[in-house]
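Scroll down for the structure; my scribbles are underneath it.
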Amino acid sequence: MKKLFVAIFGLTLLTGCMTTSQGVLGTSNSQVETRNYQSRTFDTNDKKMVMRSVIATMQDLGFIIDRADETLGTVSGTSFKNDSKMTVMVRPSGTKQMLVRANASANLHEITSPTAYQNFFNALSQSMFLDAHMVE
């Protein structure tokens, strides 16, 4: 009887650990693909300027900044217009580059469209260009 209980318990654990082809979070993209379109590197080592540009870009896109921590290099914001949240991380990548990675969700579901992230990074690039050339 004890062996039967252990066998059933073991099968239950194995069944619970199985994943589908969609992956752990229900997306068909691999983690590498997702990280690729959620990340960009910028040729600067000025973390403070990049953080200011991230905050300005998020505000331009309608986000209200919830938290910004320069030490950790994170900015989080909420957009009530389309019920979405975004967290952006900024960290050094090499000696003269900053890596910016964004993660967004809408209605409690991860945004997996590469186009949404491309639009964010295009706006961020323009903001950083204007900041670097002191255009107001």
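The values are calculated or read from the model by the stated rules, or taken from the named source; none is laboratory data. Everything quoted here is computed from the prediction, not taken from an experiment. Cβ placement follows ideal geometry from the backbone for every residue including glycine, while neighbour counts extend to all protein chains displayed. These area figures cover heavy atoms from the full protein model, side chains too; ligands, DNA and RNA do not enter into them. Shrake-Rupley method; radii C 1.70, N 1.55, O 1.52, S 1.80 Å.
Observations, loosely collected:
- In the range 46-60, the count of residues that are free of Cβ contacts under 8 Å to residues at least 40 places away in the same chain and under 21 Å from PRO114 (Cβ atoms) is one or more.
- Top-ranked residue in the range 115-133 [being under 14 Å from VAL100 (Cβ atoms) and in contact with an Asp or Glu (Cβ under 9 Å, 6 or more places away or on another chain); ranked as modelled with the highest pLDDT]: ALA123
- In this structure, SER84 does satisfy being over 22 Å from SER30 (Cβ atoms), modelled with pLDDT of 90 or more and open to solvent by less than 50 Å² (accessible area, probe 1.4 Å).
- Verdict on ASP69 being in contact with a Lys or Arg (Cβ under 7 Å, 6 or more places away or on another chain) and exposed (fewer than 12 other Cβ atoms within 10 Å of the Cβ): no
- The criterion of being among the small types (Gly, Ala, Ser) and open to solvent by 30 Å² or more (accessible area, probe 1.4 Å) does not hold for SER76.
- Looking across the range 16-65, the residues that are open to solvent by 50 Å² or more (accessible area, probe 1.4 Å), aliphatic (A, V, I, L, M) and at pLDDT 90 or above come down to LEU61, ILE64.
- Looking only at the range 111-131, and only at residues there that are surrounded by 14 or more Cβ atoms within 10 Å (Cβ to Cβ) and more than 13 Å from LEU61 (Cβ to Cβ), the one that is farthest from the chain's Cα centre (by Cα): ASP131
- Residue in the range 90-110 that is farthest from the chain's Cα centre (by Cα), counting only those that are open to solvent by 50 Å² or more (accessible area, probe 1.4 Å) and within 14 Å of VAL50 (Cα to Cα): LYS96
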